[in-house]
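The values are calculated or read from the model by the stated rules, or taken from the named source; none is laboratory data. On a predicted model such as this, the values are computed, not experimentally measured, just so you know. Quick reminder, even Gly has a Cβ in these numbers, built from the backbone with ideal geometry, and neighbours come from all protein chains shown. When the accessible area is computed, the model is the full protein with side chains, heavy atoms only, and any ligands, DNA or RNA have been set aside. Shrake-Rupley method; radii C 1.70, N 1.55, O 1.52, S 1.80 Å.
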Amino acid sequence: MTLQLIRLEIRVTDAAPLFPPICLSVAPGQSATIMGRSGIGKSTLLDAIAGHLASAFCLTGQVRLNGRDILHLPPEARRIGLMFQDSMLFPHLSVGDNLAFGLARTVRGRGARRAAVEAALGQAGLEGMYDRDPASLSGGQKSRAALMRTLLAEPAALLLDEPFSKLDAALRQEMRSFTFRHIKARDIPALMVTHDPQDMEAAEGPGLVLEPATP
Amino acid sequence: MIKRTDKALRAGVLLVLSLGVIGPLGAGLAQTAAASFGYMPALGAHEFGLAAYRSLFDLPGVWTSVRLSLITGGTATLLSLMLAVGFCAMAHDRMSDHAAARWLTPFLAAPHAAMAIGLAFVLAPSGWIARLLSPVLGLDRPPDLTLVNDPMGIALILGLMVKEVPFLLLVMLAALTQIPVRAHMAAGRALGYGRGLVWIKIIAPQVWPLIRLPVMVVLAYALSTVEMGLILGPSTPPVFAVFVVRLLNAPDLNMILPGSAGAVVQAILVAGAFAMLWLGERLSRWAGLWWLRAGGRGSSTEPLLRLGSGAVMALFVLGALAMTALAIWSVAWRWPWPAVLPETWSMRAWVGSAAGWRPALANTLILAFVTAALSLMLAIAWLEGEDRGRMARARWAEALIYLPLLVPQIAFLYGLNVLYLRIGISGGMLATIWAQTLFVFPYVMIALSDPWRALDPRLDRVAASLGAKPWRRLFTVKLPLLLTPILAAIAIGVAVSVAQYLPTLFMGAGRVATLTTEAVTLAAGSDRRITGVHAALQAGLPFAVYALAFVLPAVLYRNRAAMKGGIR
């Protein structure tokens, strides 16, 4: 599975593009990094790939996953996982139900599904926390639970939007290795936007710096 | 990726709105206007002309009526606005939004008619205030003064203000959350301006565009209220809206055409008031800029602000007394003057009038929950349609929501009822539900819009990235997260429906009795205890639903810390 951006351009209707066309290919298990000053449209780029672009924007070029153009697909059919700086665990559901919401439909049967969630909780160091209120978790626990939820949906690619910027230094180090280890283990491509050069180093993948488009 | 089903959702909402809300409004207005110009085939009137207007203005007292409406409505709105601004300037930084919402809710929930009846109980010469003052003033019998239904309309102005100030406060506090008040206040005061002046010169001009529409709603209501005018306003002649309702409901059918002319004049009065508001806005802008550029730091406005806040607190006390008076009168038995509390208590009024209030309560409940449910479904469909289209709301759509609240009810309800008669649904629940929903939907929509948009869009995106389709995201993520504001919107919808008087009166054709229609009828003179029973029920119902809306999320989400007031 490879994620390819082919001459991808975003503009507000009739205005100049936000940045020059992007060409990028991310191999399975690889984590590519996009850096750039704030306001350049890094998050907008991720919105476009995930399928949430506001209607005021227009998009040209292609996004291919495994050679197939996915831009015509609705977001839920793209199989692209999203991670933000906040965990975005659903506050009305328990930790376990958050993971169960993510768990792919291919796992069938109540017992099997419960077991899959419990196993994922175990991998994230959250044994026995199925019924916990997400608000009661620590920052690192939330991040790990969110990553597990994303991975349980069996995504074909992962988008990370400043994923570690809200964690303190020690935790950041730990979450980086936890995240990139899982990406490698799953053998899926990941694309991260960040401010932090150390994120890029830890990702050990190709990098790209966004500059404003010159007219 | 905008799919066809998403477009269908939006088209459906637009269709329901135009056929269900805007259509009836326009048709009712057109019908009223046609009748006012002499065209109403059902009455055998076919000749276009101004005869109806001429006979309207030949009626005795009509000009006094118009003047009364303009004075009471205009004064109440202007004073309410000034007091609300002053109170915000004093109290904004000391009051959390949650605390404010809790304080204001009972006043917003109380139906206009119940509040008016309670005020009459408090203000009347034999009422609570006179009783409390009698030892001080040495009164041995109720003072011989016209304190309610006074010819100047002061009781009506007070009544309107008790309801309008809390509403304007709520709207202003919501608007203030969108403005960096603290920073602007600090900057202004550092430049040598006092608190009140920063408020007037810097904050108020930023708040105004956000509260202009709600102020217009208040103005339109104050100029055209029927139930409050009946209960608190002068009687001969009454305020203009009451004058017009009397013509339209007169046994003499010849009064219907002049009555329709009156309905059109009522609409013109409101339109004229809007024009004055616009002109006032222009003038204040011009004068305000001149004043601002002159740079005067002025004298302290603190005493004025204190006075204003004191007046607001007095209004709150008055409103609370009014609500309490309803409850006490409903269980009073012997209550001679000047005793402050009844000598003997009894449930006889409740038991004795049960045959009257039971069916009225049933009708009120059905109307309230059906209209609130319909409005809620329409509002959710609209907001979800906006989300799926990934579009911000157009300005015309915002105006469309407010439209039924800006046109005086009397200007189109009678005409609409004529049309309902023609399609054979007048005088029943269906017509009443339809007519009430016209006014319930806007409030439900307004109440739900801000919390809906405040919901973090990333939650929906994460759900989509986990493979959840739009309907699943709506029902398992968005709606549960929005439970608190949804319940609040239902409570507001119920309160608005319970308060409706004119739509029930016209569309129900006297056959759909609700707590409000009964209470207004009873207020015209019969036993205070029985009036108290109906008005207390009328006020109690919205209170109960609001209380439920507060308690239910707290119980359901007792183990979810982030759901406790975090999302509103």
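The table below lists the values:
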item	result
Calculated FRET value between B:Ala397 and B:Thr5, using beta carbons and R₀ = 22 Å, to 0.05	0.60
Averaged over A:69-80, number of beta-carbon atoms from partner chains that fall within 10 Å	4
Stretch in chain A that is longest and holds no GluC sites (Glu not before Pro) that DSSP places in a loop and that have at most 13 other beta carbons within 10 Å	A:1-126
Per residue Cα convex hull volume in Å³ - calculated over chain A	121 Å³
Rg over Rh [alpha-carbon atoms, Kirkwood Rh] for region B:161-289	1.14
Shape category assigned to region B:68-143 from the gyration tensor of Cα positions, a/c cut at 1.5	prolate
Radius 15 Å from Cβ of B:Phe506, net charge of other residues (Lys, Arg +1; Asp, Glu -1)	+2
For B:Ala349, net neighbour charge (Lys/Arg +1, Asp/Glu -1) across residues whose Cβ lies under 12 Å away	+2
Hypothetical label at B:Arg141: residues of region B:338-375 whose amide nitrogen lies under 14 Å (7 Å Cα-Cβ projection)	B:338
Highest average packing first - A:12-22, B:535-545, Cβ atoms within 10 Å	B:535-545, A:12-22
C-alpha center-to-center spacing [region B:53-75, region B:412-464] in angstrom	32 Å
Debye, to nearest 20: dipole size of the protein assembly as shown, +1 on Lys, Arg Cβ, -1 on Asp, Glu Cβ	1000 debye
Surface accessible to a 1.4 Å probe, B:Arg334 within the full protein complex, Å²	130 Å²
Residues of region B:277-318 with amide N under 18 Å of the 7 Å Cα→Cβ point at B:Arg212	B:277-289
Amide N of region B:72-88 lying under 19 Å from the label point, which is placed 7 angstrom from the Cα of B:Leu292 along Cα→Cβ	B:85-86
FRET efficiency, B:Arg285 to B:Glu343 (Cβ-Cβ, R0 51 Å, nearest 0.05)	0.30
Inter-centroid distance (Cα atoms) of region A:41-116 relative to region A:148-191, Å	14 Å
Cα centre as origin, Lys/Arg/Asp/Glu Cβ charges: region B:353-568 dipole, Debye	640 debye
Mean ellipticity per residue at 222 nm, deg cm²/dmol - from DSSP H runs of n ≥ 4 across the protein assembly as shown, formula -39500 (n - 2.57)	-20000 deg cm²/dmol
Rg over Rh, two decimals, region B:353-568 (C-alpha only, Kirkwood Rh)	1.04
At 0.692 mPa s and 37 °C, Stokes D of region B:33-178 from Kirkwood alpha-carbon radius, µm² per second	173 µm²/s
Pair A:Ala16, B:Val351: separation of 7 Å Cα→Cβ label points (nm)	8.6 nm
Region B:293-356 versus region B:123-154: alpha-carbon centroid distance in Å	14 Å
Kirkwood hydrodynamic radius of chain B, from inverse mean 1/r over distinct Cα pairs, in Å	25.3 Å
Accessible surface, 1.4 Å probe, highest first, among residues A:Cys58, B:Cys88	A:Cys58, B:Cys88
Environment charge of A:Glu211, counting only residues whose C-beta is closer than 15 Å and scoring Lys/Arg +1, Asp/Glu -1	+1
Fraction in percent of alpha-carbon pairs per bin - 10 Å, region B:189-260	17, 27, 20, 17, 12, 6, 2
Under the span-like rule (Cα at least 15 Å along the axis, Kyte-Doolittle mean at least 1.6), DSSP H helices of chain B	B:112-123, B:154-176, B:483-499
Histogram of C-alpha separations across the protein assembly as shown, 20 Å bin width, %	14, 39, 31, 14, 1
Shape of region B:68-112, Cα gyration tensor, a/c cut at 1.5	oblate
Order of exposure, largest accessible area first, which applies to B:Leu160, B:Leu400 with probe 1.4 Å	B:Leu400, B:Leu160
Where GluC sites (Glu not before Pro) in DSSP loops with at most 11 other Cβ within 10 Å are excluded, longest remaining stretch of chain B	B:48-342
Rg [Å, one decimal], Dmax [Å, integer] - region B:359-442, C-alpha atoms	15.1, 46
Pairs beyond 19 Å (Cα-Cα), from A:Lys142/A:Lys166; A:Lys184/B:Lys469; A:Lys166/B:Lys564	A:Lys184/B:Lys469; A:Lys166/B:Lys564
Projected area, mean over directions - region B:492-559, Cα convex hull, nm²	5.4 nm²
